[in-house]
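First comes the structure, then the notes that go with it.
The values are calculated or read from the model by the stated rules, or taken from the named source; none is laboratory data. All values reported here derive from a predicted model rather than from experimental measurement. Neighbour counts are summed over all protein chains in view; Cβ atoms, including those assigned to glycine, are modelled from backbone coordinates with ideal geometry. Keep in mind that these areas ignore ligands, DNA and RNA; they rest on the heavy atoms of the full protein, side chains included. Shrake-Rupley method; radii C 1.70, N 1.55, O 1.52, S 1.80 Å.
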Amino acid sequence: MKRLPQSDMMDERIGSGRLTTAEINNVGKTLVTFYAQRQTETADGGAYLRHLTGEQRINRAILLRPEFAMCDIASGPLDMVDGLLQRLRPRIEARIRLGAIVEGHGDLRPEHICLCQPLQIIDCLEFNRSMRIVDPYDEINYLGLECEMLGAPWIRPLLIQGLESRLPNRPDGNLLAFYGGYRALLRARLCVAHLLEAPVRHPEKWRPLAIRYIKQAERETFSLRSRSVRRLTPVCGDA
């Protein structure tokens with residue numbers, strides 16, 4: 001087995017500033033070709049909506065635990081994403097019927113992409129197929145979000161533009177905002193979940209990183225907040 005060069009992992013390349021537009025376009029082209037060749041998951045697409053609903057419920061339960069002392073900063077983004085999920089559920093169901101949902105990667109992050117020749121994308125969620133049933137725009141948007149967290153916000157629009165060239169049924173801005181807010185909260189939850197381990201490794205790391213993701217969730221949904229907050233009613237009360 002040949003080890004992939006760590007210096008060519010996408011997160012490392014972002015950190016060192018050694019990343020070109022051509023390389024991102026190549027990543028996008030590879031992913032678009034993959035998604036375009038996947039069988040649509042019309043029959044099993046309901047697993048995607050169930051996954052979003054169940055994971056968001058867990059996001060709320062974990063992020064509002066008193067010992068993490070984040071209720072004041074997490075409640076607003078959680079309420080916003082809960083409201084968007086309730087409001088946009090029919091649009092997600094319509095995308096399922098349209099055949100826009102496929103079996104994808106499931107955990108597509110920069111650290112899972114090696115910019116070597118040929119390009120390598122690793123570590124899909126092989127252990128749980130239901131977690132790989134996904135809207136490609138959700139998955140690509142998530143990759144772009146993670147790149148933005150690493151300091152490269154310019155990558156996301158390139159990836160989404162590349163996806164739209166082959167899969168033209170792009171979601172509207174509201175749905176993309178929900179996808180981004182949900183994914184940021186999921187990552188925040190996974191950060192603080194490390195503090196429930198025994199022993200806790202790097203305890204100083206996880207709460208500040210979770211707060212960064214919560215603030216990212218706010219940014220993902222900010223454009224909707226001023227015009228939607230009067231119409232959206234949170235579907236969950238305090239944990």
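Key figures for this structure:
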item	result
Contacts under 6 angstrom Cβ, first residue in segment 44-71 being more than 17 Å from Gly181 (Cβ to Cβ) and in contact (Cβ under 8 Å) with a residue 24 or more places away in the chain, partner in a helix (DSSP H, G or I) and open to solvent by 10 Å² or more (accessible area, probe 1.4 Å), 6 or more apart	Gly45/Ile96; Ala47/Ser130
Some residue of segment 24-45 being within 18 Å of the chain's Cα centre (by Cα) and of a type in the set (S, T, N, Q)	no
Selection from segment 154-172 of residues that are in a helix (DSSP H, G or I) and either buried (at least 16 other Cβ atoms within 10 Å of the Cβ) or at positive phi (or both)	Ile155, Arg156, Leu158, Leu159, Ile160, Gly162, Leu163
Residue within segment 135-156 that is more than 15 Å from the chain's Cα centre (by Cα) and modelled with pLDDT under 95 present	no
Cross-chain or 6+ apart pairs with Cβ under 7 Å, segment 128-149 first and in contact (Cβ under 8 Å) with a residue 12 or more places away in the chain, then of a type in the set (Val, Ile, Thr) and assigned to a loop (DSSP other than H, G, I, E, B)	Ile133/Ile101; Val134/Ile101; Asp135/Ile101
Residue match in segment 53-72 (condition: closer than 15 Å to Pro136 by Cα, open to solvent by less than 50 Å² (accessible area, probe 1.4 Å) and among the charged types (D, E, K, R))	no
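Yes/no per residue for (1) in a helix (DSSP H, G or I); (2) polar (S, T, N, Q); (3) open to solvent by 50 Å² or more (accessible area, probe 1.4 Å):
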| site | (1), (2), (3) |
| --- | --- |
| Asn141 | yes, yes, no |
| Ala152 | no, no, no |
| Asn174 | yes, yes, no |
| Arg183 | yes, no, no |
| Arg189 | yes, no, no |
| Leu209 | yes, no, no |
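Residues checked against (1) open to solvent by 10 Å² or more (accessible area, probe 1.4 Å); (2) under 14 Å from Arg38 (Cβ atoms):
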residue: Leu78; (1), (2): no, no
residue: Val81; (1), (2): no, no
residue: Arg91; (1), (2): yes, no
residue: Ala94; (1), (2): yes, no
residue: Glu103; (1), (2): yes, yes
residue: Cys114; (1), (2): no, no
residue: Pro118; (1), (2): yes, no
residue: Cys124; (1), (2): yes, yes
